[in-house]
1. Could you give the C-alpha radius of gyration of segment 20-81 expressed as a fraction of 2.2 N^0.38 Å, taking N as the number of residues it contains?
2. Using only protein heavy atoms and a 1.4 Å probe, report how much of Phe116 is accessible, in Å² to the nearest 10.
3. Please report, in debye to the nearest 20, how large the charge dipole of the chain is about its Cα centre when each Lys and Arg carries +1 at its beta carbon and each Asp and Glu carries -1 there.
4. Using a 1.4 Å probe on the protein heavy atoms only, what accessible surface does Glu115 show? Give it in Å² to the nearest 10.
5. Could you provide, to the nearest whole Å², the per residue accessible area of the chain with probe 1.4 Å?
6. Check the straight Cα-Cα distances from Lys94 and name the aspartates and glutamates below 19 Å, setting aside those fewer than 8 residues away within the same chain.
7. Would you rank Trp166, Trp154 by solvent-accessible area, highest first, keeping every protein chain in place and using a 1.4 Å probe?
8. All other residues with a Cβ under 15 Å from the Cβ of Ala161 taken together, and with Lys, Arg as +1 and Asp, Glu as -1, what is their net charge?
Amino acid sequence: MLHDVKLVFSLREPGSFLVSTYKYGKQIGTVPNTMTYDEYIEQQFALLDAGDTPGNMLYLVRAKFSLFLRPYVEIFGRENIEVIFFEDLIADKKAVVQKLCLFCGINAHYYDAFEFKRYNASVAIRHQGLNRAFNQFRTTLNHLTFDKPRLHAWLRKMRFALEPVWGKLNRSTRGEAFACSQATLDRLNAFY
């Protein structure tokens, strides 16, 4: 039904993607603070070997992007698909966005003086349980007020005012030491 459709996929290098899911999991409390990255990857392989995929846990397979891109290429054709990588976007935002504009046939000059900001950076959380409760409370409020536009808009404004304060109170002051063994790197390289 779609004619002349253009599809854009933004991907990450699989290793970086897994590091990000690990850090984000720690931030939202789905990965225990005590779990190392090596243990996280081991857990991913164990779930894969068991054929067990509870919820969104199996990020190991989600990073095999070709599996997910193949059906789109078959339906829409490679010429209608642009793949960009997060790492390229971080390295040169303007060049990547201009490339996308060219692909989509739109004027890239809008981005000549555009200020690219970073949003949603993962942070180390001091109290996972409190953070999980805060996120659940926020989600519940969203669901309860979504059909009440005025109340929803007011709560959204309050959220944007309070979240920076909450972040400062609950952000860990010590940087998270990140380490990955050579054995884990070798196993991931062989898998991908």
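The values are calculated or read from the model by the stated rules, or taken from the named source; none is laboratory data. Because the structure is a prediction, the values reported are computed rather than measured. With ideal geometry, Cβ positions are generated from the backbone for all residues, glycine too; neighbour counts draw on all protein chains shown. Note: accessible area is taken over every heavy atom of the protein model, side chains too, but ligands, DNA and RNA are not part of it. Shrake-Rupley method; radii C 1.70, N 1.55, O 1.52, S 1.80 Å.
1. Numbers: Rg = 15.0 Å, N = 62, 2.2 N^0.38 = 10.6 Å.
Normalised Rg, Cα atoms only: 1.42.
2. Its heavy atoms expose roughly 70 Å² to the probe.
3. 1080 debye
4. Its accessible surface works out to 130 Å², give or take rounding.
5. 70 Å²
6. Glu82, Asp112, Glu115
7. Largest accessible area first, the list is Trp154, Trp166.
8. Spelling it out: positives minus negatives among the neighbours equals +4.
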